[in-house]
Amino acid sequence: MILHDRIAEILPAWRDRVNHLVTEHRDFKVCDVTVSQIYQGIRGVQIQVTDISYVDPYEGLRLRGYTIPEVLEKLPRLPGCEFPMAGGLYYLLMTDSLPSYEEALEVEDEWKKYAVIPQYVIDMIHTMPRNTHPMTLFSQGIMALGVDSIFSRQYLNGLAKSDYWIPTLDDSIRLTAKLPALAAVIYNWKYRDGSVIAPNPDLDWSGNFAYMIENPNNHEYEELCRLFFLLHSDHEGANVSAHTAHLVNSALSDVYLASSAAMNGLAGPLHGLANQECLRWLLKVYNSFESLPSKEEMADFARAELKSGRVIPGYGHAVLRTTDPRFTAQYEFAKKYLPDDELYQLVCRIYEVLPGILKETGKVKNPYPNVDAINGTLQYHYGVREFDFYTVLFGVSRILGITAHAVWARALNKPIERPKSLTTAILEERVAGK
Ligand code: AMX
């Protein structure tokens with residue numbers, strides 16, 4: 001398949017680069033680790049190398065070196081579509097080069113071969129208690145799909161280490177192919193009549209999710225899915241979900257096990273679940289005023305929130321120091337497709353007022369909106385109003401990045417991860433100079 005061919009072509013040069021670093025510069029010190037970093041989430045410690053994506057504090061996310069506006073401009077799109085095919089994005093993440101239209105279509109066509117969910121997975125979801133969180137169902141579904149892992153089978157049969165990446169890529173294509181259908185099965189069972197709708201072969205990967213949940217405003221929602229799935233596909237290699245996947249996969253657990261583990265991290269309120277909190281807060285603001293608040297009213301409201309010790313969801317970021325370009329891309333989408341939506345207008349009003357107020361505090365390092373400040377507003381507009389499902393949409397997209405990391409970790413023969421832990425007593429002795 002085209003992804004295998006392209007990776008095989010560029011792999012020798014990548015292996016040479018890594019071998020050169022490891023052999024010629026093996027003792028070069030990358031960074032120091034302080035006591036406070038150890039106790040504060042190893043924040044900022046440079047422990048990973050990944051070439052799939054990088055977050056620049058001022059430019060935001062770069063996918064394989066391309067900024068979000070560049071990716072949106074350069075990736076191929078289907079005729080009549082404003083936003084690119086996810087197949088082209090996957091080609092870029094996997095192969096480090098921009099695809100032609102035909103190459104993007106080839107990935108989309110490959111996905112179509114594996115897009116249907118096996119009945120046993122559907123049955124498993126349908127037998128779970130109704131109140132199961134959709135992220136639990138999503139994680140379970142991914143694990144269940146893993147019974148067909150090609151990597152695990154070939155590994156048992158004595159696969160050569162230099163070839164580990166090949167069945168890892170096979171698994172990645174088969175897993176990612178099924179994600180829109182898996183998410184739709186969960187959505188339809190949890191919030192609709194439980195129908196299982198087969199993927200539409202005339203639609204691309206992203207558009208198919210909109211089709212399978214029978215969104216009434218399908219064409220525009222398909223476009224939103226294309227944009228959303230592109231924007232959330234990766235965010236460096238050391239955030240909770242990416243790092244979890246890398247760690248699990250480093251034990252040679254297959255990509256199903258690694259992706260499922262990553263989704264369990266994404267399900268946490270400090271990570272992927274944050275987006276539902278943002279919409280909840282926005283609706284709280286919306287319901288507090290009879291109409292769109294004036295700038296002054298909004299400023300008073302925000303100051304009161306801060307005074308009561310609450311954070312304003314959707315603003316601030318651990319790495320970014322500017323408006324998140326993923327926010328901007330969705331903001332532009334809303335400006336074009338839903339300018340009259342009152343929640344969107346509220347997002348605009350908050351954006352006008354809040355950065356100044358957060359700056360007044362003198363402590364918020366990034367007073368600008370992150371992607372979550374608008375994610376939910378767009379889903380809500382198109383009728384996807386079940387907040388607890390938003391993290392599943394995030395997960396569908398994020399596994400594109402996670403599997404690309406996994407393929408390259410195997411291609412570059414990254415070993416099992418095993419940092420060292422200390423005891424408090426050892427640390428106390430060291431700081432005392434003993
Ligand atoms: N509202 C109020 N206070 C905020 C704030 C916000 N939106 N963002 C940061 N601050 C405060 C912090 O709580 C901290 O206060 P403290 O010193 O009294 O503890 C101070 O400003 C400094 O924090 P920081 O270094 O600027 O941010 P951080 O790296 O510690 O945290 C984040 C980053 C995202 C957790 C934080 O900005 C926040 O809580 N934002 C609101 C929640 C949110 O939008 N989460 C989604 C993040 C996007 C994502 O990754 N999915």
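Listing for the model above:
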read-out	value
Selected residue (criterion: surrounded by the fewest Cβ atoms within 10 Å (Cβ to Cβ)) from residues of region 364-406 that are touching a His at 6+ places or on another chain (Cβ under 8 Å) and of a type in the set (A, V, I, L, M)	Leu393
Looking only at region 364-373, and only at residues there that are under 21 Å from Lys295 (Cβ atoms) and within 9 Å of the ligand (Cβ to nearest atom), the one that is farthest from the chain's Cα centre (by Cα)	Val364
Subset of region 407-421 [farther than 18 Å from Ile173 by Cα and either surrounded by 13 or more Cβ atoms within 10 Å (Cβ to Cβ) or touching a residue at least 40 places away in the same chain (Cβ under 8 Å) (or both)]	Leu412, Asn413, Lys414, Pro415, Ile416, Glu417, Pro419
Per-region count, region 195-209, residues of a type in the set (A, V, I, L, M, F, W, C) and within 18 Å of the chain's Cα centre (by Cα)	2
Single unsatisfied condition, Glu214 versus (1) over 20 Å from Lys112 (Cβ atoms); (2) surrounded by fewer than 24 Cβ atoms within 10 Å (Cβ to Cβ)	(1)
In region 303-323, residue surrounded by the most Cβ atoms within 10 Å (Cβ to Cβ) [restricted to those that are within 9 Å of the ligand (Cβ to nearest atom) and outside any loop (DSSP other than H, G, I, E, B)]	Tyr315
Breaking point among (1) within 16 Å of the ligand (Cβ to nearest atom); (2) assigned to a helix (DSSP H, G or I); (3) at pLDDT 95 or above, for Gln276	(3)
Lone qualifier among His243, His271 - being within 14 Å of the ligand (Cβ to nearest atom), outside any helix (DSSP H, G or I) and closer than 28 Å to Gly87 by Cα	His271
Qualifying residues in region 279-293 (those that are without any contact (Cβ under 8 Å) to a residue 40 or more places away in the chain and away from the ligand (no atom under 11 Å from the Cβ)) - the one surrounded by the most Cβ atoms within 10 Å (Cβ to Cβ)	Phe289
Residue within region 162-176 that is closer than 15 Å to Met263 by Cα and either in contact with a strand residue (DSSP E or B) (Cβ under 9 Å, 6 or more places away or on another chain) or of a type in the set (Val, Ile, Thr) (or both) present	yes
Region 351-363, subset buried (at least 18 other Cβ atoms within 10 Å of the Cβ) and within 11 Å of the ligand (Cβ to nearest atom), residue nearest to Gly88 (Cα to Cα)	Leu354
Residues (of a type in the set (A, V, I, L, M, F, W, C) and either within 19 Å of the chain's Cα centre (by Cα) or over 27 Å from Arg130 (Cβ atoms) (or both)) located in region 210-222	Ala210
Matching residues, region 232-264, being β-branched (Val, Ile, Thr) and in contact (Cβ under 8 Å) with a residue 60 or more places away in the chain	Val255
The listed residue being among the charged types (D, E, K, R), within 29 Å of Thr95 (Cβ to Cβ) and outside any helix (DSSP H, G or I), out of Asp193, Asp202, Asp171	Asp202
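The values are calculated or read from the model by the stated rules, or taken from the named source; none is laboratory data. It should be emphasised that the depicted structure is a prediction, and the values quoted were computed from it without experimental measurement. With ideal geometry, Cβ positions are generated from the backbone for all residues, glycine too; neighbour counts draw on all protein chains shown.
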